[in-house]
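Taking it in order: structure first as structure tokens, then the write-up.
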Amino acid sequence: MISFVATLLIGCATSSPNINSASLSFPADPVMKQGSFTSAAFPYMEGSTALEGFIASPTTPGKHPAVLVIHDWNGQDDYEAGRAKQLAAMGYVGVAIDVYGKRVRPKTPAESGAEAGKYYTDRDLFRRRLQAAFDAVKALPNVDTSKMAAIGYCFGGGGVLEMARMGLPLKGVASFHGGFKTDKPAQAGMVKAKVLIQHALGDPASPRADQEALLKELTDAGVDFQATFYNLNTHAFTVPGAMYNADADRRSWKALNNFLSEIFS
């Protein structure tokens, strides 16, 4: 099933957001019961490279669906940890993964661009890091390995699309204001995950041409996807800061709740 929705939401912002706040606030779905959880650092390896993410797990016993959270170009920080906590409160094991490596945390836009560029230009390295994170989460004793998904923001939004293109056995992936370009496009019969896209129509980082190319790629590969494009001339609309749009954040998170409920049912 393929669906396309254009959501008219007026507003725009242009300057860079602050994503390193230690007191982030995210929208909560009032219908969802919020449960207790524990959280900790999440160390794992890709070959000889040490990586360190963040994990938040429900305190209820048994196995739970897992949702990987892939960071934006700044690297794994409080923002992704906050999203992992949100997911854990909803009953999922939320794991903010680390693509860059332990202690590799860019401090400036120039450093972020240089670090992200390593993975844009070396798609095989990018995929190895994504595979390592998937394998590490899959090995957790409290994870229902038949119910795994991934969400990502900006750089990470492109990362979850890459996981889908790789054919990883995920139930679904959700890209929020993600990067769409790849030199390894989806192939028919390869993609196992359903795909959710939440994006600004006037996003300067992934503009209309990139959006149309992605939709054609997914359509040609027979991928089950749904896409919502908000009428915003901005990029990181879910991230607190100058680009933030509360309505788009709330609506896109609600869309994610519905998506996770569907794919894990």
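Tabulated results
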read-out	value
Residues that are touching a helix residue (DSSP H, G or I) at 6+ places or on another chain (Cβ under 8 Å) and either within 20 Å of Asn257 (Cβ to Cβ) or buried (at least 20 other Cβ atoms within 10 Å of the Cβ) (or both), drawn from the range 135-146	Val143
Residues located in the range 55-79, provided they are more than 14 Å from the chain's Cα centre (by Cα), in contact (Cβ under 8 Å) with a residue 12 or more places away in the chain and not in a helix (DSSP H, G or I)	Ile55, Ala56, Ser57, Pro58, Thr59, Thr60, Gly62, Lys63, His64, Pro65
Number of the condition not met by Arg83 [criteria: (1) in contact (Cβ under 8 Å) with a residue 40 or more places away in the chain; (2) assigned to a loop (DSSP other than H, G, I, E, B); (3) within 18 Å of the chain's Cα centre (by Cα)]	(2)
Residue in the range 242-263 that is surrounded by fewer than 18 Cβ atoms within 10 Å (Cβ to Cβ), closer than 24 Å to Glu115 by Cβ and of a type outside the set (Asp, Glu) present	yes
Selection count where residues are farther than 13 Å from Ala136 by Cα, surrounded by 19 or more Cβ atoms within 10 Å (Cβ to Cβ) and of a type outside the set (A, V, I, L, M, F, W, C), scope the range 35-61	2
Ala174 vs. criteria surrounded by fewer than 24 Cβ atoms within 10 Å (Cβ to Cβ), under 16 Å from Gly157 (Cα atoms) and under 16 Å from the mean Cα position of the chain (by Cα)	no
Filter result (within 14 Å of Leu170 (Cα to Cα) and either modelled with pLDDT under 95 or surrounded by 19 or more Cβ atoms within 10 Å (Cβ to Cβ) (or both)) within the range 100-131	Leu130
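Per-residue answers, yes or no, for (1) within 22 Å of Gly241 (Cβ to Cβ); (2) touching a Ser or Thr at 6+ places or on another chain (Cβ under 6 Å); (3) not hydroxyl-bearing (Ser, Thr, Tyr):
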residue: Leu87; (1), (2), (3): yes, no, yes
residue: Met90; (1), (2), (3): no, no, yes
residue: Lys118; (1), (2), (3): no, no, yes
residue: Arg123; (1), (2), (3): no, no, yes
residue: Ala139; (1), (2), (3): no, no, yes
residue: Thr145; (1), (2), (3): no, no, no
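The values are calculated or read from the model by the stated rules, or taken from the named source; none is laboratory data. Being a predicted model, the structure only gives us computed values, none of them experimental. All Cβ positions, glycine included, derive from the backbone under ideal geometry; neighbour counts span all protein chains shown.
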